[in-house]
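Structure, as structure tokens:
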Amino acid sequence: MTDVANLKLGAYNRGFTGYGFTEGQFLPHAASKGVLMGGVWLRTISHSMVRADRVTEIASSRGSVHEETGYSLKVVVDGRAHILVDNSSLPGTMEERLAHAQQMQDALLAAIDAANGESASVVISHEPDGERWMLAPAADLAGEPAT
């Protein structure tokens, strides 16, 4: 099992193979108030979270603010787009920026695969300073010990 407490997966992180997207294998765990939660969650730029097992599409495009710089990356859940990355400062040609966005998509799939094996809820979020994905147990983010 992977130690997700300190795992960082960047766009240029090599060595991961088999980015196949796992469907329907996230087992929910009992949470407070009798609500089944658990699994892998993706934090959006608006600080909401969506379940990774509900994602039907991962897409990227040029930056939403500036056409000449940046890129954005989104996931689609139940027909609704959720933006995970909106980096308007990445320089380069559109081809270079979209190639970087594709690497970030691949790294996101690797992060989801890594988090899939955990027994506790895991949150995957984008770290803009390092252009990488951060995995953290939800209990750690909430300041509570995992049980």
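The values are calculated or read from the model by the stated rules, or taken from the named source; none is laboratory data. Keep in mind it's a predicted model, so treat the numbers as computed, not measured. Virtual Cβ from ideal backbone geometry, glycine too; neighbours counted across all protein chains shown.
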Exercise for review: Please report, ordered by residue number, the strands (runs of 3 or more DSSP E) entirely within the stretch 37-96 with at least 3 residues that are of a type outside the set (Lys, Arg), under 26 Å from ALA120 (Cβ atoms) and within 14 Å of the chain's Cα centre (by Cα).
Suggested key: 40-43, 55-62, 71-77, 80-87
Check your understanding: Does the stretch 119-127 contain at least one residue that is touching a His at 6+ places or on another chain (Cβ under 9 Å), of a type outside the set (A, V, I, L, M) and in a loop (DSSP other than H, G, I, E, B)?
Key -> yes
Check your understanding: If you check ALA111 against the conditions, is it modelled with pLDDT of 90 or more and in contact with a Leu (Cβ under 6 Å, 6 or more places away or on another chain)?
Key -> yes
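Could you please find all residues in the stretch 92-106 being crowded, with 21+ Cβ neighbours inside 10 Å and in contact with a Gly (Cβ under 9 Å, 6 or more places away or on another chain)? Let's see the steps before the verdict.
Restricting attention to the stretch 92-106, the residues satisfying the condition of being crowded, with 21+ Cβ neighbours inside 10 Å are 97, 101, 104.
Within the stretch 92-106, ARG97, MET104 meet the criteria.
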Check your understanding: Can you name the condition, by its number, that SER119 falls short on among (1) in contact with a helix residue (DSSP H, G or I) (Cβ under 7 Å, 6 or more places away or on another chain); (2) surrounded by fewer than 21 Cβ atoms within 10 Å (Cβ to Cβ)?
Key -> (1)
